[in-house]
1. Is it true that N270 is of a type outside the set (D, E), at positive phi and in contact with a Ser or Thr (Cβ under 7 Å, 6 or more places away or on another chain)?
2. Assuming T301 fulfils every condition listed in (1) in the same structural domain as I216 (by TED's automatic domain parsing); (2) touching an Asp or Glu at 6+ places or on another chain (Cβ under 6 Å) apart from one, which condition is it?
3. Only one of A147, A168, A208 is in contact with a strand residue (DSSP E or B) (Cβ under 7 Å, 6 or more places away or on another chain), assigned by TED's automatic domain parsing to the domain that holds S249, within 23 Å of S274 (Cα to Cα) and not in a strand (DSSP E or B). Can you tell me which?
4. Let me confirm something: among D242, D269, which residue is modelled with pLDDT under 95 and surrounded by 15 or more Cβ atoms within 10 Å (Cβ to Cβ)?
5. Within segment 192-204, restricting attention to residues that are more than 11 Å from the chain's Cα centre (by Cα) and at pLDDT 95 or above, which residue is nearest to R282 (Cα to Cα)?
6. Please indicate, with yes or no, whether at least one residue in segment 289-303 is in contact (Cβ under 8 Å) with a residue 40 or more places away in the chain and among the acidic types (D, E).
7. Counting just the residues of segment 304-320 that are touching a strand residue (DSSP E or B) at 6+ places or on another chain (Cβ under 7 Å) and surrounded by 14 or more Cβ atoms within 10 Å (Cβ to Cβ), which one comes out farthest from S165 (Cα to Cα)?
8. Return yes when V214 is assigned to a strand (DSSP E or B), of a type in the set (A, V, I, L, M) and over 18 Å from the mean Cα position of the chain (by Cα) and no when it is not.
Amino acid sequence: MANISVSSDELLLRDAAEWWLRLRENDADEPTVAQWLTWLEADRTHAEAFEQINQLCEQVGGADELRRRRLVMRHASPEVSPPARRPWLPRVAAALAASLVLAVAGGVAWTHFGGMSTEPGERYASNVGQNEDFALPDGSRVSLGGASTVVAHFDAGHRGIDLSSGEAYFHVVHDQARPFVVTAGPLAIRDLGTAFNVRRTNDRVVVAVTEGRVRIAPSGRHVSDAAQGALELVAGQQVSYDPATEAMSVTNVTPEHAAAWRSNRLEFDNEPVSVVVANINRYSKRPVEIADAGLGAMTFTGTVRTDAIDSWLEALPQVFPVKVSATGNRVVLSRAGRL
């Protein structure tokens, strides 16, 4: 295990800002709204964080350019720092305010404050149930699983990719002079001559290497600095980041499993049912909802075929004490009896 010190409050506030921006994109569809509602209802702190972001954006939206700058400075200023129980808020709010000022004022794409950019990025996205392949400006390629989004920020000295949601497989043209770094929530992954897969489910991240090596560190730190808690993975290895423990665990993985979604298979190894359902929803025509948080906490190991999701749902009561109910355009998982 390798512990990484990323505050859960920081991650929560950042997630709320990402949802605020995603809901205002022109192509925000019903599945996106359903995913947002699922996130919102998962914990009361999610709604509180979202309201904080909403209030901040209302202030930004009604401000002129000078007031926007002052707003950022006010959030960054130590003399107006909030109570000691939330010492993380000033620096996080400063980063969020700067990004949201850009978003509200000019439609600038959001990137995590581990690598914010003041320039609009190139956005690549896939629809629910659709895998997509894209060529990047440097000749690298990215394959996106269903309902996945990345934003690319390339310049003369850096290649940055932000995976805001879903799953992506990267085949990178290595260029030591222009580092290729993928940010996925709390983690930053740097290419070292590589093909690798990244799956992000909220702030739970799984990275699997199929060729070469990658270096992984908490986002916001220098990924090239091994002394800052960076971890190197080689082909055949996989790292899983659990936001509940803020730790990374390394296991072995075969190339067939590393990006199995490209062959219509979602592979899970001892992962919460809530994570399984969130990933199924990237392919399901009918969103699946969990009515009981206790069900979401149970773990699942196995394969779900993206072209046979209904069959998996029908078989689920044989494995877990759940009731599967199809109501209209959604499927609800509820507790079948006492555990």
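1. Details: of a type outside the set (D, E): yes; at positive phi: yes; in contact with a Ser or Thr (Cβ under 7 Å, 6 or more places away or on another chain): yes.
Taking the combined requirement at face value, the residue satisfies it.
2. The single condition T301 does not satisfy is (1).
3. On the way: A168 fails: not in a strand (DSSP E or B); A208 fails: not in a strand (DSSP E or B).
Selected residue: A147, the only one of A147, A168, A208 that is in contact with a strand residue (DSSP E or B) (Cβ under 7 Å, 6 or more places away or on another chain), assigned by TED's automatic domain parsing to the domain that holds S249, within 23 Å of S274 (Cα to Cα) and not in a strand (DSSP E or B).
4. Numbers: D269 fails: surrounded by 15 or more Cβ atoms within 10 Å (Cβ to Cβ).
Every option except D242 fails the conditions.
5. The initial filter retains those residues of segment 192-204 that are more than 11 Å from the chain's Cα centre (by Cα), namely 192-197.
If we keep only those that are at pLDDT 95 or above too, we end up with 195-197.
On the way: A195: 23, F196: 20, N197: 16 Å.
Among them, the one singled out is N197.
6. Yes - at least one qualifying residue is present in segment 289-303.
7. Among them, the one singled out is L316.
8. On the way: assigned to a strand (DSSP E or B): yes; of a type in the set (A, V, I, L, M): yes; over 18 Å from the mean Cα position of the chain (by Cα): yes.
Here the answer is yes, as V214 does meet what is asked.
The values are calculated or read from the model by the stated rules, or taken from the named source; none is laboratory data. Worth saying up front: this structure is predicted, and the values here are computed from it rather than measured. Note that we place each Cβ from the backbone using ideal geometry, even for glycine, and neighbour counts take in every protein chain shown.
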